[in-house]
Amino acid sequence: MTDSPENPFENPAVPENPSAQEETAEKPSKIRIHKLEIDPDYKNKALERVHKIIEGNKYDLDKVILVSFEGEILQFPAETTLKVSMKISKKKMPGRLKGPVLVDNEQALKVSIAKEYDKMAQDPEMIRKITETATAREDRCFAQQNLVLQLPFWKKEFVWFEGCTSCRTTGKSKCQRCAGKGVDQCPRCNGSGMCPCTQCRGSQMIQGPQGRKIQCPTCHGRGRMSCILCNQSGRVQCPVCRTKGFTVCPVCQGNGWSSNLEIIEIEAKTDFTYPEEELPEKIVALMKELGPKISQHAQIQLALPEDDPEKVKLEEENKTEEEKKKERQNIDVFTIPIKYDVLLPYGHVEFDIGGQTYYAFMFGHTGTVIHVSPFLEEIIKNGIRKLEDAVDGRGDVAANLRMAAEYRTIRDVIICAARLPLMKAIEKVKERNALGIRDETVSDLVVKADRAIKKITDRPRLFGLLAGLALNVGLFGAYFQGPVRSLLGTKLPAEILLNLADFALLGLGIWIAVLLMQSFASGAIKKAMAGIVPKGKEGKMTPKLGTKGFWAFIIIAATFFVAVESTRHTGATVPGWYQGFIGRLIPGSVPKP
Ligand SMILES: [Zn+2]
Ligand SMILES: [Zn+2]
Ligand SMILES: [Zn+2]
Ligand SMILES: [Zn+2]
């Protein structure tokens, strides 16, 4: 047994010695562990990362010392199983479709599909194509769980015909109108073949010369004549079937047969496995978190399939009858394994920064630092103190902010807080400082920076509000007391429009006040940020109004109502809506016109 120095971060799941593992484990381990050659480049990546975090934070980088490094490369197999299954889409179409493979009936179709599928599952060319589709992807299906792969190169179409039961495959049905006779009763003579005489109208006699009645010469006194429509036959052609006696079968539209088309396609679903129980917990957590992206960190090679024919044959022979039977039953979910050989380095690093020891976890062949115990708080503590002074109003707020901003990390915090709404600023700073500093510290710093900036704009915002108020007093007074409103009243066609104009003026007043507050505040921020934000980028600041924005609304609205109320006392025209409002509020206060 090797005696490694005690490291609280070393995962106990990693066997220290492969021979010891074999003795205790029931199954031989799938993982091989290679001691990482102490590659100075690899551990230096951790040092570089820590340097990057510290840079610009007024700290001597030479004081960062790499104390220890322990790393190894895990080698383990992984497998993505492709479960190839069928997708069947059915379509019923009129007529007898040509093209697809014709089978006798539904039963025969099932047999044919099974056969085709069986053939495909045993076709080495198909297996090669499917494997190629999966491995041609950028991720080679590594770490892909339940991914569905489309395999458009395999498609079979079958059809079986079904005779129309409604017309017994003739495509024709008996004419409903003439009951299949093809003829219809003559509508003119109602089937009698005879019609009343058109001259005597059936009376047999007509008025002759000298007022005497004489026999009708047209019908020779019979009063009836043969029907001209049916030629005395009493029957005419059936208007629906035109003597045929049948019509097109409405069920099959005359085809007599319909086609049951079934299109069979295949798709593959992935199932990814790797020796999860045998890998260090931290590695398993990262595999789960990163998913297919793990391939950016690990070296993943496709393991060649077992192509020793002797061995394959032996395996086949060793299969029990039971297994063979099961294989045949499972034919509709035949599987193709894709095997990988994974090489994944990781390392534990210890640093000394100003006498304190910190830990970092490195992962993958790129030497990505995944975790560093927080150390930045300590390095920037003087800057944090200045920021706190700014918040609490000790000394000049802007000067304290500037001093705090000499630390790159805090400058980042201040700029984000000045430009973005609070929650967004916190998110952004957290995103940019994921390593080496606690999340809570980041949120705390952004909240403080936000408060300090509000402090800078406190007075300018108040001045802005006062200026807005003064402007609005003048504006509202001139509008309600002066001639503007009554002039507008004569120009506008309806009183409702004048009422709307009143409220538009209120909106305008609030807008002016907010605008003034913003411009006063942004001037103050720009001045305070002059030494913090890089030149040329000052314009992006959004001044925050805070609760003063709300008060501006209340105060301007109150001023507006005072101006309206004053019209009742100065003899100016009282707005109609206000009269109605007061009348309802204090009955009898407004004299009825
Ligand atoms: Zn039919
Ligand atoms: Zn007919
Ligand atoms: Zn007739
Ligand atoms: Zn007649």
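The values are calculated or read from the model by the stated rules, or taken from the named source; none is laboratory data. Bear in mind the structure is a predicted one, so any value in this text is a computation, not a measurement. Neighbour counts are summed over all protein chains in view; Cβ atoms, including those assigned to glycine, are modelled from backbone coordinates with ideal geometry.
One table, with the values for the structure above:
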| item | result |
| --- | --- |
| Count of residues meeting criterion [within 16 Å of ligand 1 (Cβ to nearest atom) and of a type outside the set (A, V, I, L, M, F, W, C)] in the range 147-196 | 13 |
| Members of the range 397-438 found to be acidic (Asp, Glu) and touching a residue at least 12 places away in the same chain (Cβ under 8 Å), listed by number | Glu406, Asp412 |
| Residue check, Gln232 in a loop (DSSP other than H, G, I, E, B) and either among the small types (Gly, Ala, Ser) or more than 16 Å from ligand 1 (Cβ to nearest atom) (or both) | yes |
| Some residue of the range 204-217 being within 16 Å of ligand 2 (Cβ to nearest atom), farther than 30 Å from Gly256 by Cα and surrounded by 14 or more Cβ atoms within 10 Å (Cβ to Cβ) | no |
| Odd one out for Met86 among (1) surrounded by 14 or more Cβ atoms within 10 Å (Cβ to Cβ); (2) at positive phi | (2) |
| Complete set of residues in the range 50-83 that are exposed (fewer than 15 other Cβ atoms within 10 Å of the Cβ) and of a type in the set (Val, Ile, Thr) | Ile65, Val67 |
| Residue within the range 120-131 that is among the hydrophobic types (A, V, I, L, M, F, W, C) and not in a helix (DSSP H, G or I) present | no |
| Meets criteria (within 42 Å of the chain's Cα centre (by Cα) and either more than 16 Å from ligand 2 (Cβ to nearest atom) or acidic (Asp, Glu) (or both)) for Ile264 | yes |
| Condition broken by Gln176, with the remaining ones in (1) of a type in the set (S, T, N, Q); (2) surrounded by 14 or more Cβ atoms within 10 Å (Cβ to Cβ); (3) away from ligand 3 (no atom under 16 Å from the Cβ); (4) assigned to a loop (DSSP other than H, G, I, E, B) satisfied | (2) |
| Qualifying residue in the range 239-250 (condition: in a loop (DSSP other than H, G, I, E, B), more than 16 Å from ligand 3 (Cβ to nearest atom), free of Cβ contacts under 8 Å to residues at least 60 places away in the same chain and in contact with a Cys (Cβ under 7 Å, 6 or more places away or on another chain)) | no |
| Meets criteria (more than 16 Å from ligand 1 (Cβ to nearest atom) and closer than 30 Å to Lys92 by Cα) for Val248 | no |
| Considering residues of the range 471-507 that are within 50 Å of the chain's Cα centre (by Cα) and among the small types (Gly, Ala, Ser) only, the residue surrounded by the most Cβ atoms within 10 Å (Cβ to Cβ) | Ala501 |
| Matching residues, the range 88-97, being in contact with a Ser or Thr (Cβ under 9 Å, 6 or more places away or on another chain) and at pLDDT 90 or above | Lys91 |
| In the range 423-451, the residues that are at pLDDT below 90 and of a type in the set (A, V, I, L, M) | Ala434, Leu435 |
| Qualifying residue in the range 162-170 (condition: out of contact with any helix residue (DSSP H, G or I) (no Cβ under 8 Å at 6 or more places or on another chain) and either acidic (Asp, Glu) or within 16 Å of ligand 4 (Cβ to nearest atom) (or both)) | yes |
| Residue selected from the range 220-238 under the condition touching a residue at least 12 places away in the same chain (Cβ under 8 Å) and more than 16 Å from ligand 3 (Cβ to nearest atom), by the criterion surrounded by the most Cβ atoms within 10 Å (Cβ to Cβ) | Gly223 |
| Close pairs from the range 166-181: first closer than 18 Å to Cys238 by Cβ, partner within 16 Å of ligand 3 (Cβ to nearest atom) and not in a loop (DSSP other than H, G, I, E, B), Cβ under 6 Å, at least 6 apart | Cys178/Asp184 |
| Where Ser519 falls short, out of the listed (1) modelled with pLDDT of 85 or more; (2) more than 40 Å from the chain's Cα centre (by Cα); (3) farther than 30 Å from Tyr407 by Cβ | (2) |
| Out of Gly256, Gly291, sole residue that is modelled with pLDDT under 90, crowded, with 16+ Cβ neighbours inside 10 Å and at positive phi | Gly256 |
| Residue that is farthest from the chain's Cα centre (by Cα), among those in the range 157-171 that are surrounded by 19 or more Cβ atoms within 10 Å (Cβ to Cβ) and part of a strand (DSSP E or B) | Trp160 |
